[in-house]
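Enquirer: Got a structure here, written out as structure tokens. Questions coming.
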Amino acid sequence: MDVKVNKTGGCRLTVDISVPAPDVRPEYDGVVKRFCMKAKIPGFRPGKAPVALIESRFRKEIVKQAQDQLLPDAYQKMLKQESLEPVAVVGVNEVNLSPDHGLSFQIVLDVAPEFKLPKYQKITVGAVQVEVSEEDVDKGIDQMLKRHSRYEDLAEGSVQDQDMAQVTYAGTCAGQPLAGLGLKETEMAAGEDFWLPVVSESEFLPGLNAALTGTSIGQTISLDVAFPADYRVAELAGRNAVYTVTVKAIRRIKAPQIDEAFLKELGVDSKDALRQQVREGLEADKKASEDNRQRQEIVKFLLENTKLDAPESQVAQETSALLRSLLNRMARAGGTREMLEKHRDEIMGSVSQQAVERVKLQYVSQAIAKAEDITVSDEDVGKEIEVMSTHYGMTADKLRAEIEKQDGGMDQLRRDIRHARVLDFLLGQARIK
């Protein structure tokens, strides 16, 4: 078998493979023989038709079947002969098979990059002093009180920012009820005893929050709404509407008092103990943040000081995964198609760069793990799944099943655990300044 390997990119190879006719003929003849035994030719009993007639009538099918049998074997022999370990088969081209001239084909592969690790021990890493001030503690307690806050019904008063208002409303357009427009989102046309948050970060109708602020229970207002041309509800985009809105009830969020009952609920016996608990939590958070910042310094050092190419196929795969994740997050945050198109080049540039860096880092991390004998056992994977299951709110067995459903999910989890251990090792060896 003749093999010619050409490097056409950083990690991409084009391999031309030729299998001589004497090695092709037995397999080809075997396929022809099977066709002779099974083929139905008018005027001939099964197995009695001339071989030349069978070859002529079924040449395309015979050649295809012979290729399907010979090509994988030739590919495996090529890998062994050339000592190649591809990370992806990009394509198979120019396949030709003839019992008289043999088999030839071209295969395009991506292989792992060859590179030299930098001196990764005792990487210089900056340090930021972790401090928690009394003001930080006060803010921490305020945030904790907000988390324990509850809405209470008001007997009187007016709507304020951060309230919940119960409203009954109906809209018209050119004097006709919006309900007649056949809106898919029927709540845009009218609603009864509908609770909505009056918060600056969210608005049910353009201008509604400002119009409701200051209104009292039982008060009715009229609101003119000019829907923008790119409004998310297509039937309303660019239209003008008038809504009649009546405030039925108001709820206001109320933070708990730091009294004996509340302290008992939190499991502390005094205000001083509460402050100490909050302080320790803030210190832990800031230490974790600083630890992560230092890890990112190490990652930056590795990427800047390791010269290597990233396999194109793996970069493409990583780009797709990152893009799907980003688009899902943007959709959940209310991003529109117009917004995506407007920032398309910026988004793609950022995602592509992240993908290249992640693939490169994977190889660097793997090489350091091999050099330092950093491994991940089945027990380590099980423990990580236990921790993750608590975060995701499901059993460890169910989470494991979900991971196993994903193509290469368990392998990726092992790589993530190993990468974290590599960074732990490097941070432990680092020179902190």
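Enquirer: Tell me which residues come under 5 Å, amide H to amide H, from TYR151 once H is placed; ignore anything under 5 positions away on its chain.
Expert: LYS254
Enquirer: Let me ask something additional. Hey, what's the per residue convex hull volume over the C-alpha atoms of region 99-171, in cubic angstrom? Walk me through the numbers before you get to the answer.
Expert: Details: hull volume 34.3 nm³, N = 73.
Here the figure is 470 Å³ per residue.
Enquirer: Same structure again: Return the lysines within reach of LYS33: Cα separation strictly under 20 angstrom, same-chain partners fewer than 8 residues apart disregarded; answer none if there are no such residues.
Expert: Here the lysines satisfying the reach criterion relative to LYS33 are LYS48, LYS60, LYS64.
Enquirer: So for the pair SER98, LYS60, with labels modelled 7 Å out along Cα→Cβ, what separation do we get in nm?
Expert: Here the answer is 2.0 nm between the modelled labels.
Enquirer: Now for a separate question. So if I take the centroid of the Cα atoms in region 376-433 and the same for region 288-327, what is the distance between those two points in Å?
Expert: 17 Å
Enquirer: Report, in whole Å, the centroid distance computed from the Cα atoms of region 213-246 and region 54-69.
Expert: What the calculation gives is 71 Å, centre to centre.
Enquirer: For the chain, calculate the relative contact order in percent as a whole number, restricting contacts to Cα pairs under 8 Å that are 6 or more residues apart.
Expert: 17 percent
Enquirer: Over the alpha-carbon set of region 161-260, divide Rg by the Kirkwood Rh and report the Rg/Rh ratio to two decimals.
Expert: Radius of gyration over Kirkwood radius for region 161-260 works out to 1.05.
Enquirer: How do MET330, MET188, MET348 line up, fewest other C-beta atoms within 10 Å first?
Expert: MET348, MET330, MET188
Enquirer: Right, here's the next one. Between SER56, ILE221, LEU361, whose Cα lies farthest towards the positive end of the dipole of the chain when Lys and Arg beta carbons carry +1 and Asp and Glu beta carbons carry -1, centred on the Cα centre?
Expert: Toward the positive end, the furthest listed residue is SER56.
Enquirer: For region 126-264, what does the relative contact order come out to in percent, with C-alpha contacts under 8 Å and a separation of six or more?
Expert: 33 percent
Enquirer: Work out the length of the dipole vector of the chain about its Cα centre, built from +1 on the beta-carbon of each Lys and Arg and -1 on the beta-carbon of each Asp and Glu, and round it to the nearest 20 debye.
Expert: In total the dipole reaches around 2060 debye.
Enquirer: Of the listed pairs LYS77/LYS383; LYS139/LYS383; LYS146/LYS342; LYS80/LYS307; LYS360/LYS405, which have alpha-carbon separations greater than 32 Å here? Spell out each step's value before the answer.
Expert: Values: LYS77/LYS383 41 Å; LYS139/LYS383 35 Å; LYS146/LYS342 37 Å; LYS80/LYS307 28 Å; LYS360/LYS405 26 Å.
In this structure, LYS77/LYS383; LYS139/LYS383; LYS146/LYS342 exceed 32 Å between Cα atoms.
Enquirer: Could I ask something else about it? Translational D (Stokes-Einstein, µm²/s) of the chain at 20 °C and 1.002 mPa s when Rh comes from the Kirkwood sum over C-alpha pairs? It would help to have the intermediate numbers written out before the result.
Expert: Working: Rh = 29.7 Å.
The calculation lands on 72 µm²/s.
Enquirer: SER158's amide H: which non-local residues (gap 5+, or another chain) put their own amide H closer than 5 Å, with H modeled 1.01 Å from N in plane and none for Pro or chain starts?
Expert: none
Read-outs: derived from the displayed coordinates by stated rules, not from any lab. The shown structure was predicted, so the numbers you read here are calculated from the model rather than taken from an experiment. Here the Cβ is made from the backbone with ideal geometry for all residues, glycine too, and neighbour counts use every protein chain on show.
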